[in-house]
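Scroll down for the structure; my scribbles are underneath it.
The values are calculated or read from the model by the stated rules, or taken from the named source; none is laboratory data. A quick note: this is a predicted structure, and the numbers were derived from the prediction, not measured. Note that each Cβ is placed from the backbone with ideal geometry, even for glycine, and that neighbours are counted across all protein chains shown. Side chains are part of the model used for accessible areas, which takes the heavy atoms of the whole protein and leaves out ligands, DNA and RNA. Shrake-Rupley method; radii C 1.70, N 1.55, O 1.52, S 1.80 Å.
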Amino acid sequence: MSPEAVLYSAGLCGLLTLAAFGYGAFYVGSKMLAVKLIYGAHGCYFIVAALAILIFLSTPLGIGWKILIVASAVVYAAVPPVTWRFLVKLHAPEEQHS
Amino acid sequence: MDIQEPGFWRAGAISTTAVMIVVLIFLSINSSQAIAVGGSHVPDYSVINRQIGYRYDWTRREDVPVIGGPQPLFGKVYNEGQATALMNRAKLVIQSRNCINCHTFFGNGAYYGPDLTKSWLDPAWHQIFMPMTGAKTQEEAMVMFLMDPPKYPTWDRRMPNLHLSEQDAQAVVAYLKWMSAVDTNGFPANFGMQGEKP
Amino acid sequence: MSTAEIGLYRSQKLALRYFTAAVILFGVMILFGFLSSLYYLHPSMLFKVFDFNTSKMLHIDTLVIWLLMALMGSIYWFLPKEIGGEIAGIRFAEIMFWAFCVIVAIVAVVFIFVQYGHADEFSLWFINQGRKYLEAPRWASLGIVAVLLTFSYNVIGSAIKRRKMTGILWVLCLDLIPLVLVYTDAFAAQTNMSVDLYWWWWIVHMWVESTWEVLIGCIMAMMLMEIAGTSRRIVETWLYIEVMLVLGAGILGLGHHYFWIGTPEYWLSIGGFFSALEPLPLLGMVVHAIYDAGSHHLKNTNTPAFWWITAEAFGNFIGAGVWGFMMTLPQINLFSHGTQWTVSHGHFAFYGAYVCGVIAVFYLARQKYTGIEHLHGKGWWWGFGLLNFGMLGMVMALLLAGMAQAFYGRAIGGSTLMAFTDASQNAWFVAGMWARTGFGVVFALGYVALVWDLLAIRKRLPQAAAVSSPEPA
Ligand code: HEM
Ligand code: HEM
Ligand SMILES: [Fe+2]
């Protein structure tokens with residue numbers, strides 16, 4: 001890898017994960033604080049997807065790693081909603097008592 | 001199966017962990033063979049009697065050590081037993097002097113001093129230290145440096161004198177030579193090539 | 001003894017002692033971290049008197065010890081609640097606490113004044129073992145094993161004595177086995193550096209990315225039950241899921257340390273793959289943390305603990321997940337490996353995953369100890385703000401310096417002495433080192449503010465059993 005490509009690829013990988021974090025945080029925020037925050041979640045996820053594509057097209061990473069990154073971007077999409085729904089379901093029996 | 005039930009996830013946790021541990025144990029058995037002295041990635045200690053290079057390998061697409069013809073160390077040829085004794089001593093020197101809290105070995109340790117993985121192959125010995133010490137051979141220059149590093153500084157961040165005896169220093173030099181022959185999957189890349197890709 | 005202390009179990013009083021020791025060592029750690037950072041700015045400082053390696057060793061060893069003490073203390077704090085009574089073998093635990101302190105003090109004195117020995121077994125037994133994080137001489141490592149075994153006996157023995165094996169206790173007991181087992185490598189002196197590092201990573205990675213993660217998971221579970229009244233079914237279900245995901249990715253994630261130490265090529269694929277999975281469960285934990293924070297009104301009983309727990313979830317994801325994933329793929333790690341980039345991740349991950357979490361427990365214990373029902377106030381904000389800001393600044397500075405090293409030292413220079421020297425004199429690197437020290441000062445101020453606030457919680461209290469909040473938020 002060229003020196004520039006090292007920093008470029010690492011930067012994109014970091015930003016992708018960071019955007020995934022924003023997505024998760026905004027997603028829960030939209031459920032707990034204000035529905036409007038869902039736009040933030042969508043915005044962040046858009047960045048995740050865009051970065052995954054950018055990594056795929058423009059970095060010298062091996063094809064295996066590129067597929068892994070795109071796949072993990074897809075999985076990231078599911079983590080917050082699935083976790084959320086699961087948590088709600090998990091808490092449901094107790095919530096009825098109080 | 002009810003995903004609200006702890007039992008379901010308990011089973012999941014136990015089985016996942018068990019599978020991972022079993023896989024790790026198998027991989028560790030296999031790796032232990034590869035990293036044992038004389039294994040597929042780590043040479044015999046007597047490799048210190050040979051010439052060692054580091055070159056880009058087009059099939060593996062990374063830098064790999066190249067073991068060449070005879071090249072005695074300190075003008076001597078060591079059998080495997082003598083070489084092992086030397087290495088045992090060197091490792092004790094390295095541990096007792098706490099080198100790893102300034103340097104890295106295979107990139108692990110501290111980052112105050114340079115990485116020592118390929119130090120044996122460092123052009124600095126010929127370009128800087130041999131002229132500075134007046135030593136005739138690289139290994140002599142290394143011993144002189146290790147025995148009194150502050151006397152031969154290359155910049156303001158100096159290495160302190162850790163009171164190595166001559167035997168200690170010679171053992172460490174042998175250790176560094178052996179280490180440079182370990183197959184590290186290409187780390188560090190482009191060593192000594194100043195960025196030109198082969 | 002204050003009236004407030006009467007309501008505590010002996011195990012909880014022991015926990016408070018552990019917390020005190022931990023907080024003091026936290027301060028010592030910062031002191032030596034700060035000192036270590038100064039060598040990069042003034043290389044001739046204390047030359048031959050007290051060199052970088054000694055200072056830095058004290059920094060990272062106190063780090064491990066104070067976090068271990070804080071984690072053990074947290075378990076001692078919650079355990080009586082969990083089993084519904086005093087823990088088994090409390091007398092031994094109390095003795096071992098003092099033994100632990102004495103061991104740490106002796107080792108520190110030897111490190112400071114003796115520093116290193118000759119190339120013989122004596123040095124390894126009594127002075128310095130010279131393996132990163134495991135420098136403590138063998139006699140002291142034996143002592144730590146004794147402490148860990150006593151601790152294990154307290155936990156497992158209590159469960160057996162009370163005939164009460166909850167899900168959390170099961171996880172905890174099982175987790176203690178690998179925790180102690182991998183530590184046995186602390187006695188090894190392998191000549192072959194590849195073999196040495198292979199097993200060394202079993203401790204370092206398995207502690208911080210597996211067994212400690214499970215430990216803090218158990219602590220968080222017990223904390224949630226105690227302060228938020230969450231039901232056991234819920235916290236245990238979540239704990240199992242966490243264990244499944246964290247260990248599912250973390251055990252083989254060990255591979256990200258086996259890229260370059262002489263190990264076979266397959267580790268490149270295994271390590272890269274599993275460490276790409278590692279951030280995924282961490283995102284789930286972020287979701288969970290926010291969910292709990294919101295739905296259980298934790299905020300209303302202990303504001304500082306609430307914010308520190310939130311910081312833990314965020315910091316764990318960013319420090320371990322983002323900073324880890326950024327440089328974990330082998331093609332990138334080939335250049336970032338063993339630079340200040342690693343240091344950046346190490347600081348952020350340790351801080352996010354553990355430091356924030358145990359500070360939350362400190363606040364909780366302090367609240368229970370003083371008997372305050374609602375802990376609000378504004379004093380905590382200084383510690384929280386300065387520590388977080390200081391740490392963020394430090395890791396950004398280190399990232400900058402590390403990227404300069406990866407770029408100039410590794411990729412362009414090819415990692416020789418000359419390349420290392422050039423990169424270390426590069427303007428970006430130098431700026432990064434100055435900024436790190438600067439933000440280190442901010443971090444140290446945050447520490448002072450934190451300690452001040454923790455102690456002030458008591459003083460604010462007119463009477464031990466006050467019910468109302470002393471200072472409205
Ligand atoms: C609680 C979580 C974590 C903690 C406390 C932690 C801590 C650390 C520390 C202290 C080091 C430096 C070790 C040394 O050389 O002395 C390190 C290295 C490393 N960590 Fe983590 N880490 C965590 C999670 C992660 C995760 C989730 C990933 C990957 C996604 C990761 C990837 C790495 C890699 C690749 C290295 C090697 C750096 C190098 O090449 O020099 N870590 N970690
Ligand atoms: C909670 C706070 C802190 C934690 C968890 C922490 C943790 C660590 C860890 C894990 C390492 C080893 C990293 C590695 O080698 O990859 C380390 C090294 C170091 N830390 Fe800290 N530290 C903290 C605070 C500080 C502060 C406040 C300073 C100074 C301003 C500092 C300065 C250093 C230095 C200079 C090193 C040596 C790195 C090298 O080898 O160049 N640390 N610390
Ligand atoms: Fe790791």
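When the other protein chains are added to the chain by itself, burial of at least 20 square angstrom of heavy-atom accessible area (probe 1.4 Å, ligands and nucleic acids ignored) affects these residues of the range C:99-148: C:Y116, C:G117, C:A119, C:L124, C:N128, C:G130, C:K132. Per residue of A:7-15, other chain Cβ atoms within 10 Å of the residue Cβ number 6 on average. Per residue of peptide A:17-27, the mean number of Cβ atoms on other chains within 10 Å of the residue Cβ is 5. Rounded is the label for the range B:44-180. Its Cα gyration tensor axes, ordered a ≥ b ≥ c, give a/c under 1.5. For chain C, the longest principal axis of the Cα atoms and the long axis of helix C:232-253 meet at an angle of about 10 degrees.
Between helix C:212-223 and chain C there is an angle of about 20 degrees, using the helix long axis and the longest principal axis of the Cα atoms.
Considering only alpha-carbon pairs that sit under 8 angstrom and 6 or more positions apart, the relative contact order computed for the range B:44-180 is 24 percent. Its relative contact order, with pairs defined as Cα atoms under 8 Å and 6+ residues apart, puts the range C:170-258 at 32 percent. Averaged over the residues of peptide C:340-352, the number of Cβ atoms from other protein chains lying within 10 Å of each residue's Cβ is 1. Counting only protein heavy atoms and a probe of 1.4 Å, the accessible surface of the protein assembly as shown is 69% carbon and sulfur. Excluding ligands, DNA and RNA, the accessible surface per residue across the range B:9-103 is 48 Å² with a 1.4 Å probe. About its Cα centre, the dipole of the protein assembly as shown is roughly 1080 debye, where the only charges are +1 on Lys and Arg Cβ and -1 on Asp and Glu Cβ. Pairing chains C and B buries close to 7200 square angstrom of accessible surface in total, based on protein heavy atoms and a 1.4 angstrom probe.
Divide the volume of the convex hull around the Cα atoms of the protein assembly as shown by the residue count and you get 153 Å³ per residue.
As a rough guide to protection, the peptides B:107-116, C:101-110 ranked by mean Cβ packing within 10 Å, highest first, stand as B:107-116, C:101-110. Say the cut-off is 21 Å between C-alpha atoms; which of B:K91/C:K132; B:K151/C:K48; A:K31/C:K81 go over it? Over 21 Å apart, Cα to Cα: A:K31/C:K81. Assuming 0.692 mPa s and 37 °C, estimate D for the range B:24-97 with Stokes-Einstein, Rh taken as the Kirkwood radius over Cα pairs, in µm²/s. Estimated via Stokes-Einstein, D reaches 229 µm²/s.
For B:D115, the amide hydrogen comes within under 5 Å of the amide hydrogens of B:T104, counting only partners 5 or more places away or on other chains and with H modelled in the peptide plane. The angle separating the long axis of helix C:90-113 from the principal Cα axis of greatest extent in chain C is about 30 degrees. Its relative contact order, with pairs defined as Cα atoms under 8 Å and 6+ residues apart, puts chain C at 13 percent. Here's how it looks for C:G377: its modeled amide H is under 5 Å from those of C:E471, C:A473, which are all 5 or more places away or on a different chain.
Each helix, a run of at least 4 DSSP H residues, gives -39500 (n - 2.57); summed and divided by the residues of chain C, these come to -23500 deg cm²/dmol at 222 nm. Within the range C:1-65, the proportion of C-alpha pairs whose separation exceeds 18 Å stands at 52%. Under 5 Å from the amide H of B:Y56 lie the amide H atoms of B:V64, each residue being 5 or more positions distant or on a separate chain, with H modelled from the backbone and absent for Pro and chain starts. In chain C, the sites counted are trypsin sites (Lys or Arg not before Pro) in DSSP loop states with at most 15 other Cβ atoms within 10 Å, and the longest stretch holding none of them, exclusive of the sites, is C:165-377.
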